[in-house]
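Asks: Have a look at the structure that comes next, please.
The values are calculated or read from the model by the stated rules, or taken from the named source; none is laboratory data. Remember, predicted model here, so these are calculated numbers, not experimental data. Don't worry about glycine lacking a Cβ; one is built from the backbone with ideal geometry, like all the others, and counts go over all protein chains shown. Side chains are part of the model used for accessible areas, which takes the heavy atoms of the whole protein and leaves out ligands, DNA and RNA. Shrake-Rupley method; radii C 1.70, N 1.55, O 1.52, S 1.80 Å.
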Amino acid sequence: MENAVAYYHSEDRKVDRKNRVFPVFSPDPKVVRVAILGSSTLKGVKEALNVKCSQAGLVMKSYVGEYAQYNQEILDKGSGLYKFKPHLTIMMIDIIDLLGENYYFPYRLSERGRKSLVEAKRKELLSLAKAFAKDCDGVLLINNFSVPTYSPMGILEPKQKFGFFEMIRALNRALEEASRMNPQLHIFDYDAFLSKSGKMECSDDKMRYIADMKISQSYVPALCDEYMRYVKAIKAKMRKCIVLDLDNTLWGGIVGEDDFASLRLGPTAPGNAFVEFQKYILNLFERGIILAINSNNNEKDSLAVIRKHPHMILREKHFAAIRINWENKVRNLVDIAKEINIGLDSIIYIDDDKANRQLVREMAPEVLTLEMPPDAALYVRTIRECKDLDTLHITEEDMKRGAMYAEEKKRKDSFKSFGDIGDFLAHLNIEVRIERSGSFSIPRISQLTQRTNQFNFTTRRFSDTDVRSLTSDKAAEIYSISVKDRFGDSGISGMVSFKASKDAIMVEDLLLSCRVLGKGVEESVLAFLVETARKSDLNHIICRYIPTAKNSMVQKFLKSSGFARVKMPGNGETWRFMVKRGFKRPGHIKVVTK
C-alpha cells in the first residue's frame, strides 16, 4: 500500500512521448510564455505584448528569435525555441521574404512555374508546422500573407491564369486547410488586419528600407491586440456570458413610456440597428456564449416585448437568467453570476446608460463593462471589437452552451413545483455516459481542464497534445463523462483518468462541470471507479487532491463519500477509499459505460 501512495510523491515531473517532459502539476496560471519568430525586424512586438499581458493580469515570459532565423529555430531540436517551451509561438513571415525575387518578377515564370513555386512554398511552410508540432506542445500562430495592392500587370491582373494575386491567395488557402488538420496550428488573418486599417497606412516604406520593418510602429499595438486574443484563449481568460440591458440596448425607447408599437425595433431605421445588434448577439449565443438580462424595468411589460414583439430576435428561451426589477444593477449582476454558477470575471456587461456602466466598473471591476456609443448604429461594431470572447476550439458542447444554461433555468423553474428533492431528481431522468476517450473528445477534455475549477481534484491544465499523450499511454485509462436529462443534453461534462497499481486504482484527474453537480453525477462516477476496481480485484482507490481557492467542494465530497486522508509528504493531499466497503450508485441515475 505504501508503494501505491508513494506513486504520487515520487517526482514532480514525468517523462512521456519519447522523453518529452510534461509537468504533473499545474504551472502558474498567470504566466504565459510567448515566442516570436519572423523573417524581418520584429521591433516593438515583444514590448507591446508584454504591456497588454500585464493589463490582462498575466505575466509574459518572452523569447525572440534571431533575425530571419525562423527556419533554423523550428528545424533544430536543440534550438532556444524548444528550450524555452512556449505556450504560444507567433511566426511572422513576410510574403516578400518568402518569395524573394519572384515577388517582384512573378511573370518571369510561366503559369506552371508559378504553380510549382507556390507548391514548393506550401510544402516548406507545412513542414515547419509539422516539425513544430512534433517537438513542441504549444500553439503555433502563423500570419497569413498580405495580398498586395498593386500588380505588374495593372488592371489586367484579374485576367491572368494563376496570377500574382492568386498565388498569394493560394498560399493563404493552403495554410487554412493545414490548420484544420493540425490542432496546434492557427492562422492569423494578417491580410484582413492590414485591410481593415488600410495597407498603405500600415506600411512605413522608409523604415522598411532602413531597418527591414514590414509594419509601421504605430500599428504594432493594434496588431498585438489581435495576438492577445490567442493569448487569452490559451490561458482561459475568455468571457463566456453577456449580460444585457433592455431599454435603448436591445430596442430603442423605454418600455412604460413608449407604447408597444412605438418602440424602435424593426426593418427600417432607426429600429434596424437594434435588430442587427440582436442578430449578432444571437450568433454569439449559437456558438456557445451565455446570455442574461439585467434591466431596471417593469418585468411584465418587458417580458411582453420579449415574448410578443414581431421583430424581436432574442426571445426568453435564449436567456439563462433574467433580472428585470428596480434593484441595483451590481446586485443583479452578482445574483445572475450566482444563479448561473460562474464568476463575475466571466461576464461582459452591455448597457446604454453611462451612469450604470460607471457603477458596475467601480463596484464590480471583475466584470468587463463595454463602453457603448450613444448611437445604436455603432453597437454591432463595438461588440465585434471585443477581444474577450475567443477560444482555440469550438466543440459541440460549446455550440450548445447557451442553450444548456437556458435549459438549466427550466430545471430550476421546474424544481419549484416539487416539494421533495428526491422526487425532482427522479423526474429529471438523468443519464450518465462514461466512455473511453477517443479523438473526438480530446478538444473538449482539454477545454474542461482549462476551465473547470470547482469540482476539479488537481486543476492540472492540459493542452490537446497533453490529452492525446494520455490517451496513447497504454497504462492509463481516460474516460469522458457525458450527462443528459429530460430538459436537454449537456454533452461531455467531465473526465476521469486513472492507472492501476498492484493494489489500487490511482485516480490522476477527476473533474466535472458545475452545470451537472449536486444531482448525483459525482457519486455515479465514484461508483463506476469502485466497480472497476472490484472487477480487477483491487482493494483501494487512491486520489490526489490539490487544494485551491475554488475547489474546496472536492474535499467535502471525499469526506462525505468515505475517503480517508493519508498523510504523506509532497504536493497536495492523498485520499484513500477501501473498495470492500462498496459504494451504491444513486438509484435515480442511469449509467451507461462504454
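Asks: List the residue pairs whose Cβ atoms are under 6 Å apart, where the first residue sits in the stretch 198-226 and is open to solvent by less than 40 Å² (accessible area, probe 1.4 Å), the second is basic (K, R), and the two are 6 or more positions apart or on different chains.
Replies: Matching pairs, first to second residue: C224/K52.
Asks: Give the residue that is nearest to the chain's Cα centre (by Cα), with candidates limited to residues of the stretch 533-572 that are of a type in the set (K, R) and surrounded by fewer than 19 Cβ atoms within 10 Å (Cβ to Cβ).
Replies: Looking only at the stretch 533-572, we keep the residues that are of a type in the set (K, R), and these are 534-535, 544, 550, 556, 559, 565, 567.
Checking which are surrounded by fewer than 19 Cβ atoms within 10 Å (Cβ to Cβ) leaves us with 534-535, 550, 556, 559, 565, 567.
Numbers: R534: 38, K535: 38, K550: 20, K556: 29, K559: 33, R565: 34, K567: 37 Å.
Ranking the candidates gives K550 first.
Asks: While we're looking at this one, here's another question. Looking at (1) without any contact (Cβ under 8 Å) to a residue 60 or more places away in the chain; (2) open to solvent by less than 50 Å² (accessible area, probe 1.4 Å); (3) of a type in the set (D, E), which is the one condition that is false for E177?
Replies: Of everything listed in (1) without any contact (Cβ under 8 Å) to a residue 60 or more places away in the chain; (2) open to solvent by less than 50 Å² (accessible area, probe 1.4 Å); (3) of a type in the set (D, E), E177 misses just condition (2).
Asks: When you scan the stretch 50-105 for helices (runs of 4 or more DSSP H) that lie fully inside it, which ones turn up with 2 or more residues that are open to solvent by less than 30 Å² (accessible area, probe 1.4 Å), touching an Asp or Glu at 6+ places or on another chain (Cβ under 6 Å) and basic (K, R)? Reasoning before the result, please.
Replies: Details: elements: 70-75, 80-84, 95-99, 101-104.
Because the criterion is at least 2 residues that are open to solvent by less than 30 Å² (accessible area, probe 1.4 Å), touching an Asp or Glu at 6+ places or on another chain (Cβ under 6 Å) and basic (K, R), no helices (runs of 4 or more DSSP H) in the stretch 50-105 meet it.
Asks: Something else: If I filter the stretch 339-355 down to residues being touching a residue at least 60 places away in the same chain (Cβ under 8 Å) and over 25 Å from V516 (Cβ atoms), which single residue comes out as surrounded by the fewest Cβ atoms within 10 Å (Cβ to Cβ)?
Replies: D353
Asks: How about the stretch 455-480: which of its residues are under 26 Å from A504 (Cα atoms), part of a loop (DSSP other than H, G, I, E, B) and not aliphatic (A, V, I, L, M)? First the steps, then the outcome.
Replies: Initially, the stretch 455-480 is screened for residues under 26 Å from A504 (Cα atoms), giving 455-462, 466-480.
Filter again for part of a loop (DSSP other than H, G, I, E, B), leaving 457-462, 473-475.
Result: F457, T458, T459, R460, R461, F462, D473, K474.
Asks: Could I ask something else about it? What number of residues in the stretch 227-242 are over 23 Å from I281 (Cβ atoms) and either open to solvent by 60 Å² or more (accessible area, probe 1.4 Å) or not in a loop (DSSP other than H, G, I, E, B) (or both)?
Replies: Summing the residues that are over 23 Å from I281 (Cβ atoms) and either open to solvent by 60 Å² or more (accessible area, probe 1.4 Å) or not in a loop (DSSP other than H, G, I, E, B) (or both) in the stretch 227-242 gives 4.
Asks: Could you count how many residues in the stretch 261-298 are closer than 16 Å to I350 by Cβ, charged (D, E, K, R) and either within 23 Å of the chain's Cα centre (by Cα) or not in a helix (DSSP H, G or I) (or both)?
Replies: 1
Asks: Applying the selection to the stretch 499-519, what residues are surrounded by fewer than 20 Cβ atoms within 10 Å (Cβ to Cβ) and either modelled with pLDDT of 95 or more or in a strand (DSSP E or B) (or both)?
Replies: Listed by number, the residues that qualify are K499, A500.
Asks: Evaluate the stretch 416-432: report whether one residue or more is more than 30 Å from K134 (Cα to Cα), hydroxyl-bearing (S, T, Y) and in a strand (DSSP E or B). Outline the logic, then answer.
Replies: Here is the first cut: in the stretch 416-432, the residues more than 30 Å from K134 (Cα to Cα) are 416-432.
Narrowing further to those that are hydroxyl-bearing (S, T, Y): 417.
If we keep only those that are in a strand (DSSP E or B) as well, we get none.
No, because not a single residue in the stretch 416-432 is more than 30 Å from K134 (Cα to Cα), hydroxyl-bearing (S, T, Y) and in a strand (DSSP E or B).
Asks: Separate question: Select from the stretch 356-404 the residues that are in contact (Cβ under 8 Å) with a residue 12 or more places away in the chain, open to solvent by 50 Å² or more (accessible area, probe 1.4 Å) and basic (K, R) and list them in ascending order.
Replies: R384, K400
Asks: Go over the candidates I313, I322, I306 one by one and state the one that is within 29 Å of I394 (Cβ to Cβ), open to solvent by less than 60 Å² (accessible area, probe 1.4 Å) and part of a helix (DSSP H, G or I). Reasoning before the result, please.
Replies: On the way: I313 fails: part of a helix (DSSP H, G or I); I322 fails: part of a helix (DSSP H, G or I).
One residue alone meets the criteria, I306.
Asks: So T593 clears everything in (1) β-branched (V, I, T); (2) farther than 27 Å from K338 by Cβ; (3) open to solvent by less than 70 Å² (accessible area, probe 1.4 Å) except one condition, right? Which one?
Replies: Here T593 clears every test but (3).
Asks: Moving to a separate point now. Go through the stretch 437-449 and give me each residue that's farther than 28 Å from G587 by Cα and either part of a loop (DSSP other than H, G, I, E, B) or open to solvent by 20 Å² or more (accessible area, probe 1.4 Å) (or both).
Replies: G438, S439, F440, P443 - these are the residues of the stretch 437-449 that are farther than 28 Å from G587 by Cα and either part of a loop (DSSP other than H, G, I, E, B) or open to solvent by 20 Å² or more (accessible area, probe 1.4 Å) (or both).
Asks: Okay, moving on. Check off (1) at positive phi; (2) open to solvent by 60 Å² or more (accessible area, probe 1.4 Å) for G154 and give me the number that stays unchecked.
Replies: (2)
Residue by residue, here is whether (1) more than 29 Å from F319 (Cα to Cα); (2) crowded, with 22+ Cβ neighbours inside 10 Å; (3) without any contact (Cβ under 8 Å) to a residue 12 or more places away in the chain; (4) basic (K, R) holds:
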{"site": "K416", "(1), (2), (3), (4)": "no, no, yes, yes"}
{"site": "D423", "(1), (2), (3), (4)": "no, no, yes, no"}
{"site": "E435", "(1), (2), (3), (4)": "yes, no, no, no"}
{"site": "D464", "(1), (2), (3), (4)": "yes, no, no, no"}
{"site": "T471", "(1), (2), (3), (4)": "yes, no, no, no"}
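Asks: Of everything in the stretch 41-55, what is at pLDDT below 95 and touching a strand residue (DSSP E or B) at 6+ places or on another chain (Cβ under 9 Å)? Give them in sequence order.
Replies: Within the stretch 41-55, just L42 meets the criteria.
Asks: So which residues in the stretch 106-130 are over 17 Å from A170 (Cβ atoms) and open to solvent by 20 Å² or more (accessible area, probe 1.4 Å), if there are any at all?
Replies: Once the filter is applied, which keeps residues that are over 17 Å from A170 (Cβ atoms) and open to solvent by 20 Å² or more (accessible area, probe 1.4 Å), the stretch 106-130 yields R108, S127, K130.
Asks: Still on this model: Applying the selection to the stretch 344-400, what residues are out of contact with any helix residue (DSSP H, G or I) (no Cβ under 6 Å at 6 or more places or on another chain) and of a type in the set (G, A, S)?
Replies: S346, A355
Asks: Also: I'd like the residue in the stretch 258-292 that is among the β-branched types (V, I, T) and over 24 Å from E408 (Cβ atoms) and, out of all such residues, is most open to solvent (accessible area, probe 1.4 Å). Please lay out each step first, then the result.
Replies: So in the stretch 258-292, the residues among the β-branched types (V, I, T) come out as 268, 275, 281, 289-290.
Checking the rest, the ones that are also over 24 Å from E408 (Cβ atoms) come to 268, 275.
Numbers: T268: 96, V275: 21 Å².
Here the residue is T268.
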